[in-house]
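Data block below; observations after.
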Amino acid sequence: MSSHHQGPSELSITDPAAVEAIYGTQSPTVKGPWYTLLEPRYPLFMARDKEEHARRRKVWDQGFSTKALLGYDPRITKAINELLQVIDRDHKQPINITKWFDFFVFDVMEDLAFNKNSNMIRHGEDSYIFQTIRTDMFNIAFFAHLPWLLPFLKRTPLLNWNYIKFWNWIQNQINERRKNEPDQPDIFSWILSNYNQGEKTQKDDWNLHGDAQLIVIAGSDSVAATLTHIFYELAYDASLTRRLQDAFDALPSLDNSHLINVALLDAVINETLRLHPPVPSGTQRVTPPEGLRIGDKQIPGNTIVQVPSYTVFRDSRNFERPTEFLPDRWTTDKELVKNKSVFVPFNIGPYACVGKRLALIEIRRVTAEILTRYNITVAPGYEKASFLGKKQDTFTVVSGPLPLIFTPRTP
């Protein structure tokens, strides 16, 4: 078994068998101490008790049903149109698409949380909440292996002012949102509906704050990073881009109902998630007191374990030519996938990503809408190392600048 010590009782494990053993539906592991970083607030993603998570997950699932997702389409379309207007306006010069994908996804998810957003695309600049959340993600990464230190900082004057300001902002957004129920339900509608049933405790209030934050964060960083990396790969591969454009041109419309049938598009998304996973270090679990068997090794009890997606997805035991971007491995060249079971970019088991379908809708639609209008290339003089070297792992990936040239397609 391949593993690496991250601390006295922490293991990062790359054995292919570890994925199912640690994250699968039947796994006896529990979420690790990293998930206490937002204490006393526990958004769904951070809920450690399995029964509590299952109960709350049922509420969230309603917000991501097929009917609910169709209701979100006008908000997504509005943001896509605003993004296209930016590209139309600025396409004669290099555009840092990383910035605009960040703005696009954040505008969408803030709208789905609070029935309004900061209009970052329209204004062309970061909002307070975007800056604060990005800072918080850096802090979460920093304290990932020092969770005992964060509670001290939360209670320390001068050091905790931004933390307090952020949660006050969340409270204000919730208060305003409760006064203004949208005509078309958003994600938060389902959470509020459940919250409004019966007497509530302080814990319920804290968790409501956490869930409001989760809608914005979980739906923004990972989608923005994936879009950025898709366009990074396509900008260096005109042939692949043309194949996608041909597929899009043949569709009656660019609705998700049609895009979902474009096998090449899903292959490009899968290959991007494989080479550039948005959560590269994996998620943390703790083995049960009796330990956990992985392959031919016994992991001691009460050990913190995780499977690093970045490493496992690039492992030659699992994929042929593992460092090459080859979308056809997911369609016509399936022999290049040796161990598909390890490819779980949205996780598996009871904690699998609740927003997967919404994320894929956004990714498919943005990719198709842009590529039907433009050919893309990297700005002159820009090197791959400049982009790849500036990526940061803050639990989710933060991408570096990616200046692209967008050339309008000719009929």
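All of the numbers you see were taken from the coordinates with simple rules; none came from a lab. All of these numbers come straight from a predicted model, not from anything done at the bench. Using ideal geometry, Cβ is built from the backbone for each residue, glycine included, and neighbour counts are taken over all protein chains shown.
About its Cα centre, the chain has a charge dipole of approximately 360 debye under the convention of +1 per Lys or Arg Cβ and -1 per Asp or Glu Cβ, with nothing else charged.
Counting neighbouring beta carbons within 10 Å and listing from fewest to most, the residues Arg41, Arg409 come out as Arg409, Arg41. The alpha carbon centroids of the stretch 45-123 and the stretch 352-380 are separated by 12 Å.
If a helix is a whole DSSP H run, which ones in the chain reach 15 Å or further along their own axis (Cα) and hold a mean Kyte-Doolittle hydropathy of at least -1.0? Let's see the in-between values first.
Values: long enough: 50-63 (20 Å, -2.41); 66-90 (36 Å, -0.24); 97-114 (25 Å, 0.83); 128-142 (21 Å, 0.53); 161-179 (27 Å, -1.53); 202-218 (23 Å, -0.29); 221-235 (21 Å, 0.72); 238-249 (16 Å, -0.58); 263-275 (18 Å, 0.91); 356-371 (23 Å, 0.48).
Once both thresholds are applied, what remains is 66-90, 97-114, 128-142, 202-218, 221-235, 238-249, 263-275, 356-371.
For the stretch 3-408, what are the per-bin percents of Cα-Cα distances with bins 10 Å wide, up to the bin holding the maximum? Result, from short to long distances: 4, 21, 32, 27, 13, 2, 0 percent. For the stretch 309-411, evaluate the Debye formula with one uniform point scatterer on each Cα (no solvent term) and list log10 I(q)/I(0) at q = 0.11, 0.16, 0.19, 0.23 Å⁻¹, rounded to two decimals. Debye output, listed in q order: -0.52, -1.12, -1.38, -1.32.
What does the extension gain come out to for Ser341 and Asn196, with contour length at 0.36 nm per residue minus their alpha carbon separation?
Numbers: separation 145, 0.36 × 145 = 52.20 nm, distance 4.04 nm.
That pair, Ser341 and Asn196, stretches by 48.2 nm at full extension.
Given R₀ = 25 Å, what would the calculated FRET efficiency be for Glu383 paired with Phe138, taking r from the Cβ atoms and rounding to 0.05? Please report the intermediate quantities before stating the final value.
Details: r = 25 Å, r/R0 = 1.01.
Plugging the Cβ-Cβ distance into 1/(1 + (r/R0)^6) gives 0.50.
Protection proxy ranking for 122-129, 81-88, using the average of other Cβ atoms within 10 Å per residue and placing the highest first: 81-88, 122-129. Other residues whose C-beta falls under 15 angstrom from the C-beta of Arg373 contribute a net charge of -1, scoring Lys and Arg +1 and Asp and Glu -1. Considering only alpha-carbon pairs that sit under 8 angstrom and 6 or more positions apart, the relative contact order computed for the chain is 27 percent. The lysines whose alpha-carbon is closer than 30 Å to the alpha-carbon of Lys340, local same-chain residues fewer than 8 away aside, are Lys31, Lys50, Lys58, Lys297, Lys356, Lys384, Lys390, Lys391. The modelled label-to-label distance between Thr77 and Asp49, using points 7 Å beyond Cα along the C-beta direction, is 4.3 nm.
Could you point to the residue in Pro327, Gly355, Pro345 farthest towards the positive end of the stretch 327-366's charge dipole, with +1 and -1 charges on the Cβ of Lys/Arg and Asp/Glu respectively? Towards the positive end, the residue furthest out is Gly355. Set against the 2.2 N^0.38 Å expectation for a compact globular protein, the stretch 37-114 has a Cα radius of gyration ratio of 1.51.
Of the peptides 264-271, 101-108, how do they stack up when ordered by the mean number of other Cβ atoms within 10 Å, highest first? Please list the in-between numbers first.
Numbers: 264-271: 20.9, 101-108: 26.8.
Those peptides, ordered most packed to least, come out 101-108, 264-271.
Computed FRET efficiency, Cβ-Cβ of Glu320 and Lys179, R0 51 Å: what is it to the nearest 0.05? With a Förster radius of 51 Å, E is 0.35.
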